[in-house]
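> Quick one: structure below, then a few questions.
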């Protein structure tokens, strides 16, 4: 199936959300540290995995001050993509060509204050069913790698719910409204209030329409074309009709209710109404 | 057709609204009261309103949960809560106030009707577990079963509750028109009031 409106909206909303949080909130921390070898049966024999203690790393070069890695130090020597290193930004690790498992690997990167995930899970599943690993941004050690693939918190889970077309103009133009939701799971109220405040103020923002082909990450978690800059990608699609953030409501799980949960996490919600004036099947 | 001289027409425009105000006001208020009574009756007879008013033991007459459990429990209200009361209070407070004499197109007086907007209603209907969200809006836009799960986790436990929780989750919530369409309809009716 070829990509449809909903696919474009999802990609665009995800990339915009990530950039907006990092830019407005400077929601990242530059980090330097050791990487740790671990066996990953999902990888083919080409690579061995060395994991950092954090995932996800910042990928967006348009975020001023964020360290975007282009390689790692292996036994003191810098090795980049041309040396067979793949940087898996989502899982916070370097995949190194060969079979050496005892190298001393170090690196510099910016870790996001919140991981951002797309999800189809319902709010109740996200909050009451999923048992998350807490990948604290203020860890006390001992230092080790963070397991790959599973979602960790603090995190923000994005989803799109209902969508509706209403006639808007002669000629068949529609006013399309999509309800998008974000569930925030934070380690403390400072983090949670920060995210809610940033996105409360996102009303009236426009979101660049970026097709799925503009998504910057490869299947191994590295950057397509070695770098990604949201501002640059946005400018590549300047002719596309933008989306519009028409309404935003933020709320928090009340403290009394929160205490029912087994974990010590803080939960918030953002409900967006995203609009676009468009013709059907465009 | 007989034509009135211009000075007579002007005198009528000037004097008639004052002379007729009492009668017109009486008539307008009578019609207003009738529509207001219909509005409240319609609100109270809405299946969602009825189901919530009946409390935690009500059947799912609104059909929003596929017949499993009921809205009161699903949303996560505690026994004794009266979630519908603030809406009813706002509807009871709807009033008609004399505005001004009307001379531009025809002769008469105009009135203002203070009807809450859907947003006004959403602001006074917080979800019990996330006060920034409205349960009344959730009926229209979708609502998660989180309140139900959290309430159950905080209270009873055990296999019986767990299986009931699973049933509710499996059924999912079915959105239904509620406050927005209702207010829109009565806004139109009050605007047409003559």
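Please treat every number below as a calculation from the coordinates, not as lab data. All figures in this text were calculated on a predicted structure; none of them were measured in a lab. Here the Cβ is made from the backbone with ideal geometry for all residues, glycine too, and neighbour counts use every protein chain on show.
> What percentage of all Cα-Cα pairs in the stretch B:1-84 are separated by more than 21 Å?
I get 58 percent for the Cα pairs in the stretch B:1-84 exceeding 21 Å.
> Could you tell me which of rounded, prolate or oblate describes the stretch A:52-120, using a ≥ b ≥ c as the square roots of the eigenvalues of the alpha-carbon gyration tensor, with rounded for a/c under 1.5 and, failing that, prolate when a/b is larger than b/c and oblate otherwise?
Prolate shape, in that a/c is at least 1.5 and a/b is the bigger ratio.
> According to the Cα gyration tensor, what semi-axes, each the square root of 5 times an eigenvalue, does the equivalent ellipsoid of the stretch A:1-126 have, listed from largest to smallest in whole Å? Walk me through the numbers before you get to the answer.
Details: eigenvalues 164, 70, 39 Å².
For the stretch A:1-126, the semi-axes come out at 29, 19, 14 Å.
> Quote the Stokes-Einstein diffusion coefficient, in whole µm² s⁻¹, for the stretch B:6-191, based on the Kirkwood radius over alpha carbon pairs, a temperature of 20 °C and a viscosity of 1.002 mPa s.
It diffuses with D of about 112 µm²/s by this estimate.
> Which value does Rg/Rh take for the protein assembly as shown over its C-alpha atoms, Rh per Kirkwood?
So for the protein assembly as shown, dividing Rg by the Kirkwood Rh gives 1.11.
> FRET efficiency for residue B:53 and residue A:189, Cβ-Cβ distance as r, R0 = 41 Å, nearest 0.05?
E(calc), rounded to 0.05, equals 0.70.
> Sticking with this one: Quick check: residue separation of residue A:217 and residue A:197 times 0.36 nm, minus the Cα distance between them. What number comes out in nm?
Answer, rounded to one decimal: 4.4 nm.
> Another question, if that's okay. Rounded to the nearest 5, what % of the DSSP beta bridges within the stretch A:38-161 are antiparallel ones?
Among the beta bridges of the stretch A:38-161, antiparallel pairing accounts for roughly 75 percent.
> On to the next question. Can you compute the FRET efficiency between residue A:81 and residue A:246 using 1/(1 + (r/R0)^6), with r the Cβ-Cβ distance and R0 = 51 Å? Round to the nearest 0.05.
So, using R0 = 51 Å, E works out to roughly 0.80.
> For labels at residue B:34 and residue B:68 in the simple 7 Å Cα→Cβ model, what's the distance in nm?
My value for the distance between the label points is 4.7 nm.
> For chain A, modelled as a GNM with alpha-carbon contacts under 10 angstrom, which of A:190, A:215, A:47 fluctuates the most?
A:190
> Kindly state, to the nearest 0.05, the FRET efficiency for residue A:175 paired with residue A:229, given R0 = 25 Å and r defined as their beta-carbon distance.
Details: r = 32 Å, r/R0 = 1.27.
The value I calculate is 0.20.
> Test of understanding: express the Cα radius of gyration of the stretch A:5-278 as a ratio to 2.2 N^0.38 Å, with N the residue count.
Here the Cα radius of gyration is 1.06 times the empirical estimate.
> If you project the alpha carbons of the stretch A:57-190 onto the principal axes, what extent comes out on each, in Å, largest first?
65, 38, 30
> Give me the distance in nm between label points sitting 7 Å out from Cα along the Cα-to-Cβ direction at residue B:98 and residue B:193, one decimal.
1.5
> Rounded to a whole number of µm²/s, how large is the Stokes-Einstein D of the stretch B:48-137 at 10 °C and 1.306 mPa s, given Rh as the Kirkwood radius over C-alpha pairs?
103
> Given labels modelled 7 Å from the Cα in the Cβ direction, how far is it in nm from residue A:161 to residue A:6?
1.6
> Once you have the Cα-Cα distance between residue A:149 and residue A:133, take 0.36 nm times their residue separation minus that, and quote the gain in nm to one decimal.
4.6 nm
> Out of the DSSP beta bridges found with both residues in the protein assembly as shown, what percent are antiparallel (nearest 5)?
In the protein assembly as shown, approximately 90 percent of DSSP beta bridges are antiparallel ones.
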